[in-house]
Amino acid sequence: MDTHILLWWLMDDPKLGSDVRQILKLEPVWVSSAVVWEMVIKQRIGKLTIPGRIDQQLSDEKFSVLDIKLTHVMALEGLEDHHADPFDRIQIAQAKTEGFTFITKDRVIQKYQGLDFLAV
């Protein structure tokens, strides 16, 4: 899932619709380590406040963390240039490589060929 989706989930934000909430409750959920990385950076510089530790919250929610592998990094070579954000790009590469559905509201991400996504 994209970073904003995880934030909405953790903050119980109504922007995350009930249909997506049901999917996240029922399906195995993978969160990229890039999402955690981005959140820790933003928290450190004061752009984000999250109560508690992100790793503990992921564990509490029973979400699995997908580490960045060499195959994910190498998949960036063939990735279209729709998005400049390196966190989004590695998440897209991971989702494509692993055959995961990527949950996002970002319309730019939805332009990627071969990416299975769920638009929020």
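Values computed for the structure shown
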item	result
Kirkwood Rh (inverse of mean 1/r, distinct Cα pairs), region 3-119, angstrom	14.8
Cross-link partners of Lys96 among lysines (Cα-Cα below 20 Å; sequence separation of 8 or more within a chain)	Lys69, Lys105, Lys111
Under Karplus coefficients 6.51, -1.76 and 1.60, residue-wise ³J(HN,Hα) of region 4-9 in Hz, glycine/proline x	5, 5, 4, 4, 4, 4
Cα centre as origin, Lys/Arg/Asp/Glu Cβ charges: region 17-105 dipole, Debye	320
Lysines with Cα under 18 Å of Lys62, excluding same-chain neighbours fewer than 8 positions away	Lys25
Using alpha-carbon coordinates, inclination of helix 33-44 to the longest axis of the chain, degrees	50
Region 59-91: trypsin sites (Lys or Arg not before Pro) in DSSP coil with no more than 11 other Cβ atoms inside 10 Å	Lys62
Calculated [θ] (222 nm, deg cm²/dmol) that DSSP helices of n ≥ 4 give over the chain, each run adding -39,500 (n - 2.57)	-13000 deg cm²/dmol
Global form of region 4-52, assessed from the alpha-carbon gyration tensor, a/c cut-off 1.5	oblate
Label-reachable residues, region 89-120, where backbone N falls under 14 Å from a point 7 Å from Met74's Cα toward its Cβ	97-98
Cleavage-rule hits (GluC sites (Glu not before Pro)) in region 45-120: DSSP loop, at most 13 neighbouring Cβ within 10 angstrom	Glu80
Net length gained if the chain between Lys105 and Arg21 were fully extended (0.36 nm per residue, minus Cα distance)	28.8 nm
Global geometry of region 58-120, whether rounded, prolate or oblate, following the gyration tensor of its Cα atoms and the 1.5 cut on a/c	oblate
Interchain or long-range residues, amide H under 5 Å from Phe117's placed H	Phe102
Under-5 Å amide H pairs with Leu66, H placed in peptide plane, nonlocal only	Val31, Ser32, Ser33
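Every read-out reported here was derived from the displayed coordinates using simple, explicitly stated rules and does not represent laboratory data. Because the structure is predicted, anything quoted here is derived from the model rather than measured. Cβ atoms come from the backbone with ideal geometry, glycine included; neighbour counts cover every protein chain shown.
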